[in-house]
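Chemist: My questions all concern the structure below.
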Amino acid sequence: MKTVTIDAKDMHYTPLNQKVRAAVADGAEEIILNNVLGQRFIGNGVRGNSRIIVNGVPGGDVCMFMSGPTCIVNGNAEHAPGNTMDKGMLVIHGSAGDAVAHGMRGGKVFVRNNIGYRGGIHMKQYEVEARPMLVVGGTAHSFLGEYMAGGLVLVLGIGQEKAMTDRGIGSGIHGGEIIIRGEVDDYLLGVGAKKFEFTEADLERTKPVIESFCEQFGLDPAPFLDTNYTRIAPASSRPFAGKYVWE
Amino acid sequence: MCGIIGFIDKTKSTMDGSKIKAALSLMNERGSGDGAGYVAYGIYPDYADCYALHVFFDNMVEPKTKVDEILHRWGTVVHQEEIPTVEQPGLKRVHTPWRYFFKPFDDMIGGKVGSEKDIIKHIVMEVNSSINGALIFSSGKNMGVFKASGWPEEVADFYRIEDYEGYIWLAHNRYPTNSPGWWGGAHPFNLLDWSVVHNGEITSYGTNQRYVEGYGYKCTLLTDTEVVAYLFDLLGRQHELPTETVVKALAPPFWDEIDRMPPAEEELHRAIRLTYGSALMNGPFAIVVASNEGIVGFTDRIKLRPLVVGENGDKLYISSEESAMRVLDPEVKNVRTPRAGEPIIGRFNA
C-alpha cells in the first residue's frame, strides 16, 4: 500500500492541504498526518478512495465537500466536520464542536462521543443513493437536525442517563429522520418535529448503520439492536407553508 | 467572527504572555488584522495598590494636559510613563499608549461618590466622553489591557507581551463586522478591573446602552462590547450580584425553562428576568469576562458562537477553539462545550 506521512507540526493549513492534495493526486492510498493542531479545511473537496488519518485536533471544516475518501480523526474535531460532505466516511475518535455534518448531502459522519449545537443542520438527501448519515455515540446539544431536509441523524446516548436532554430537536425539520436512543421528552422537540414509534421495520433499516458505527469504534452492536429508540420526523412535508403567507 | 481566549491559574502562579500570543495567533483565521488585544492580571505587583490607567493619547500636549488636570483634581499620580512598545512593520502607530499609577484622594469620597472605584469610573467616563485625543482603555488595579489595530502577533510584539507575567489572561483577535476597526475598538474592553473579550454581536445594544446610561455610564467606543463591561460593573459591583446571577441576567433561561424549574429556583429566575429585563443581551455572542476575583465565560442563550472549556489541575482554559487551548497546555483535560448561557467560572483558591 502506498502510504504518505506528513508532519503537520506548526504548519499552516494552506501548505498542509496542498500536500494532502498532491498525495491524493499521486495515488497515495493512505495519508497519515501527524501533530495536527488547529489546521482548517483538511481533506476539503478531496475525491477518490484514499484513507486520511489525522492524528491530533484538526481545525474547522475537516472533510468539507469531501467526495469519496475515508478520514479517521484520532482526537476531537472543531466546528463543522463533514460540512457539505458528498461521499465517503469521516470517523472522529472523540467529540466535535457545533454544526457537525452541516449541509451534508451524502456519506457518513461517525462521532464516538458528543457533538455541540446544531448537529446535522440542513442535511439533505437525493433519493436513496445520496442519503447522508450522522451517528453520535454520546449526546448532542440543542437544535439537532435543525432545518433538516433529508438523511439520518442517530444518537446512541452511550454513557448518558438520557441520550438527549437539550431542547429544539428537529427544529424546522422538513425531511429525513432523527433517531434517538430511549425516550425523548416532548418539550425537547423543536417546531415542526414530531415523535413516531420506532418499529421492527425501522430497526431493520437502521441495523446496518448501527453495526457500521460499532465496527469503527470496536463496540459490540448487540446491546443497541432493539426497538428502544424514538424516531423524530417532520410533522408534515411543509411545516412552514403558512409562515410567510397572509391570506 | 472573532477568536477569544481566557485563562486563570487558581493558585495565582503566573504565566508570561508568549504562549497566549501563540495560542491567539493559531486562530488568525478568526480575525482580519483590524484589532487584537490582551489583558493580564497580576502584572503590576510594585503598584498593586494603585489604579493602573492605560491611556491612548493622540498627542502628548493638549489631551495629556487635560487628563493630568483631571487626575490631579481627584488624586495622586504615583508614577507615570509611556507603555514600552517596539515598532512593528505592519502596525501603524496611531496613538501613544501611556500609563498612570493613580491613587484617588480619600476625602473625595462622599455623596454620590461612594467609593474609590466610583471616582475611577467617573474619571474614565469624563475623559472618554469629553477629551478629544485621550482614551482611558484600562483602569483596574494590578492589571492592564494592551491592544491595537493589527494581527495578534504584531500587537503582542508591539507591547512586548512576553515581558508581562499574569495569573489571568484574556486575549482577543478581532474581525470587525458592523463597527469600525480602530485601537479603541479592539478588545479587551475594560472598566475598573472588569475586562471583556467577545465574539459576536450584541443586537440588544441600544436597550442595554440606554439602561447603563441611566446609571452614569457613557458608551463612547463605537462598538457593542463596551456595554458588557459596564453591565458587569453595574450588576456585579454596584448591585453586588454574584457572578452566576449576573450571567443569568444577561443570558437568562427561556420562560418555558423557568416554568419547569423547582419553585424556589423558578422564583429567583423570574425575579432576575423581571428586574433586569433591560440588561438581557440578545444576538450571537461568546464572552469571557475577567476581574480580580476570577474569570467567567458564557454564550448567548441559543449558542450562536463557539466556546470550549478545558482544565488541568488549577488551570482553567476557555476558548473559541480547542486547538488554542492545546497550544497553551498540550495536557489540557476535560475539554467540553458548555451549554448555552451556562456560566463557566474560575475563581482563585481560597
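The values are calculated or read from the model by the stated rules, or taken from the named source; none is laboratory data. Remember, predicted model here, so these are calculated numbers, not experimental data. Methodologically, a virtual Cβ is constructed for each residue, glycine included, from the backbone with ideal geometry; neighbour enumeration extends over all protein chains shown.
Chemist: In region A:149-166, what residues are among the hydrophobic types (A, V, I, L, M, F, W, C) and in a loop (DSSP other than H, G, I, E, B)?
Modeler: Passing the criteria: A:156, A:158, A:163, A:164.
Chemist: Now a separate question. May I ask you to say which residue of A:136, A:155 is β-branched (Val, Ile, Thr), at pLDDT 95 or above and under 25 Å from residue B:257 (Cα atoms)?
Modeler: A:155
Chemist: Can you tell me how many residues within region A:181-208 are in contact (Cβ under 8 Å) with a residue 40 or more places away in the chain and touching a Lys or Arg at 6+ places or on another chain (Cβ under 8 Å)?
Modeler: Total satisfying the criteria: 5.
Chemist: Any residue in region B:275-298 that is farther than 26 Å from residue B:41 by Cα, surrounded by fewer than 18 Cβ atoms within 10 Å (Cβ to Cβ), of a type in the set (Ser, Thr, Tyr) and without any contact (Cβ under 8 Å) to a residue 60 or more places away in the chain?
Modeler: Yes, that holds for at least one residue.
This table checks each residue for (1) farther than 21 Å from residue A:122 by Cα; (2) within 14 Å of another protein chain (Cβ to nearest Cβ).
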position	(1), (2)
A:144	no, yes
A:154	no, no
A:161	yes, no
A:184	yes, no
A:193	no, no
A:218	yes, no
A:235	no, no
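Chemist: Criterion first (of a type in the set (Val, Ile, Thr) and out of contact with any strand residue (DSSP E or B) (no Cβ under 8 Å at 6 or more places or on another chain)) does residue B:136 satisfy it?
Modeler: no
Chemist: For the condition within 14 Å of another protein chain (Cβ to nearest Cβ) and surrounded by fewer than 23 Cβ atoms within 10 Å (Cβ to Cβ), what is the one hit in B:25, B:18?
Modeler: Answer to the selection: B:25.
Chemist: I've got another one for you. Out of region B:220-253, which residues are modelled with pLDDT under 95 and surrounded by fewer than 24 Cβ atoms within 10 Å (Cβ to Cβ)?
Modeler: B:220, B:221, B:222 - these are the residues of region B:220-253 that are modelled with pLDDT under 95 and surrounded by fewer than 24 Cβ atoms within 10 Å (Cβ to Cβ).
Chemist: Within region A:73-114, which residues are within 12 Å of another protein chain (Cβ to nearest Cβ) and hydroxyl-bearing (Ser, Thr, Tyr)?
Modeler: A:95
Chemist: Further, regarding this structure: Among the residues of region A:32-69, count how many are within 12 Å of chain B (Cβ to nearest Cβ) and not β-branched (Val, Ile, Thr).
Modeler: Result for region A:32-69: 11.
Chemist: Which strands (runs of 3 or more DSSP E) does region B:260-350 wholly contain that include 2 or more residues that are within 14 Å of chain A (Cβ to nearest Cβ) and within 22 Å of residue B:12 (Cα to Cα)?
Modeler: Those strands (runs of 3 or more DSSP E) span B:308-312, B:315-319, B:333-336.
Chemist: Within region A:191-198, can one find any residue that is at positive phi and surrounded by 24 or more Cβ atoms within 10 Å (Cβ to Cβ)?
Modeler: no
Chemist: Let me ask something else. Just need a number here: residues in region A:68-110 that are not hydrophobic (A, V, I, L, M, F, W, C) and not in a loop (DSSP other than H, G, I, E, B).
Modeler: 7
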